[in-house]
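Step one of this worksheet: look at the structure below.
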Amino acid sequence: MDEESVRKFVAAYLKKKGFKQTENAFQEELNKNTNNSSSPISFNSKFDPDVAKHILSFSEFEDGPAKYQDGYAKLRSWTYSSLDLYRHELLRVLYPVFIHCFMDLVAKGHVQEARTFFNSFREDHEMMHLRDLQKLEGVLSPSHLQEMEFAHSLRQSKVNIKICQYSYELLLQFLHKSQSTTMLGIINEHINFQVSPGQPSSISDDAESVTLTGSSQDSANQINQKEIHWGLLEDSFEERLEKAGGLLLESEKAEGETKEGDWDENKKKSIEGAKQGSSIKKLKKDKAAGATGKNARPEATPVATAPRVKAELTLPVIPTEVEQSILEDLRNRVQLSSAALPSVSFYTFINTHNGLNCASISHDGSLVAGGFSDSSLKVWDMAKIGQQGVDSLQGENGTTSSEQVLGSNGGKRPYTLFQGHSGPVYSATFNPLGDFILSSSADSTVRLWSTKLNANLVCYKGHNYPVWDVQFSPVGHYFASASHDRTARIWSMDKIQPLRIMAGHLSDVDCVQWHANCNYIATGSSDKTVRLWDVQTGECVRIFIGHRSMVLSLAMSPDGRYMASGDEDGAIMMWDLSSGRCVTPLTGHTSCVWTLAFSGEGSLLASGSADCTVKLWDVTASTKLPKTEENKSGNTSRLRSLKTLPTKCTPVYSLRFSRRNLLFAAGVLSKTV
């Protein structure tokens, strides 16, 4: 190795690593040596053989793309053959090394070798990172790395990986013995290790152990320091209920439930006809479950103990008769718990011919809406549907308490048809009173309809691309929309322009949800994050990082303290809004979680999925259990699954707890599932 080669390799190495000061000092030293022939430094005579060996290795690394393939293949083989106890921690290193090897090859112009490398090892990561890999497939030239925001952000950021001390030492030993400068360079440049003493973390903590750091993570940490007020509004219905004397006596409540039960029974008679006997039996079962719920009533619910905050928005005036009706529903609410699960009424759409995109249920379950690919919105009135003598109505025998099937084959239409959109309808939402419904569409608009007049009232234009989701606020009047244009927007019914625009997500905003006090909205995105926004200022006040795929559904607890989010892989995460941290992950669903709903008092969480099941989770137990106690018991699933309610083959599109804590669900019969 001659002196000139050594100089070139050292200079190239310093430049690649970004050691500018060292590089300048080295160049100055070289210039001095050139001017002074009697320099004491002689590379040939005093150069350490080991250093020369490493510099030679670096030269090969610079020149040969095969080093990436060989280096990664050795690292992968060593990781998979390591001890079971440490393997899951060491496997966390493979994905970031894999994507940076690929991007480095592309950046150096070795595009064909990069494609070969990508296709050779992509199967290892498809289960956890399929959407990322699909995006990276589009990187075909060095310019793409700069143009594609996703790839550019990956190259600018570092990955934070939690690992135990022994796993870290094993990795260092391997890198030293294999003398893989390529892998060592990538790991040094793109991975930050958070080394902890003691035993390796459990496999269930993998989602929390690998996070993106760098500028994006720094800003997230800074944002999450902001103060938020998660309590309920002053003079809320819950507070008025307490002032008015609280819950009804048991005898009064039983009478109220009988009235509601009679209404349910009449509705079922009109719809199911011959199934009258089974409906009455189920009604009795529901009453028995309600009685169990009363006995299991906690002394103080989280809603009652939640702090009170002032409203940042001007709240609409609620008519006295409506207010009284809501208070009566709250007085008659069945208290649910792990010992008293809710009754479930499941509405199944049939004969939709793959045209149904979304379903929505009104707060009392009396109206059900469906958004279709032919740009139509259809609303069924449950009280009238059986009276029209539609022949296609029939029951699907499932495990839920009652199921009503919605079809469209009768001589007279059993639904109200709303037409006005010029593209598929992706979302619909009822206001709390059920007299208005909003729909969002691929035509980039949101439309307001009157269920009383059966007419379109307003068309809201502002988004530039399809609007994936729209949600009324808990008080009505205000609503939020989420779009492919990467923004969420706040609107009021009386203004055609948005009041606020929330921008910050790196990809589509797929879902939106209001906080219980209407001062915040949460948005879930294809960038795998959830953000919480202040409605008054439009600022992002929390970023929740932990999902491994696009976030499709959100739900806020009634006391406003917790939020649940569901993603495309079937994972659900429960977040503490005040700290911004994940309280517990929920695992059990095997496909997309499309809908989430908290019960009225916040003790249960219901989740609906494309795997054709509704799952009920015990929220109270999970939020009270300290993490230390949990680790001692060795319980990896921190949120207890209480029950799984399967359908025959009906993916669950929508869930809604009524004010009296009856759970409504809706989905479409699918023969392809």
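We did not get these values from a lab; they are worked out from the coordinates using the rules stated. This is a predicted model, so every value here is computed, not measured. Every residue, glycine among them, receives a Cβ derived from its backbone with ideal geometry; neighbour counts consider all protein chains shown.
Potential lengthening of the chain between L130 and F19 amounts to 36.4 nm, from the contour at 0.36 nm per residue minus the alpha-carbon distance.
Please compute the length gained on full extension between K461 and T537, using 0.36 nm multiplied by the number of residues separating them and subtracting their Cα-Cα distance.
Values: separation 76, 0.36 × 76 = 27.36 nm, distance 2.15 nm.
Extra length from K461 to T537 when fully extended: 25.2 nm.
The protection proxy used here, the mean number of other Cβ atoms lying within 10 Å of each residue, ranks peptides 514-524, 176-186 as follows, highest first: 514-524, 176-186. So the label point goes 7 Å from the Cα of Q194 along Cα→C-beta, right? Which residues of the range 67-110 then have their backbone N under 20 Å from it? Residues 86-97 fall inside that zone.
Determine, from the Cβ-Cβ distance of T644 and Q112 and an R0 of 56 Å, the FRET efficiency 1/(1 + (r/R0)^6), rounded to the nearest 0.05. The value I calculate is 0.70. Mind scanning K378/K648; K67/K162; K162/K648 and naming the pairs with a C-alpha gap bigger than 31 Å? Table pairs above 31 Å Cα-Cα are K162/K648.
For the range 97-207, the Kirkwood radius over C-alpha pairs fed into Stokes-Einstein at 37 °C and 0.692 mPa s yields D = 212 µm² per second. Here the convex hull built on the C-alpha positions of the range 450-500 has a volume of 90 cubic angstrom per residue. I'd like the FRET efficiency for E234 and R581, computed as 1/(1 + (r/R0)^6) with the beta carbon distance as r and R0 of 25 Å, rounded to 0.05. In this case the efficiency is close to 0.35. Taking 0.36 nm per residue of separation and subtracting the Cα-Cα distance, full extension of the segment from E328 to E3 would add 108.0 nm.
Each Lys or Arg adds one and each Asp or Glu subtracts one; over the other residues with Cβ under 11 Å from the Cβ of L554, this totals -2.
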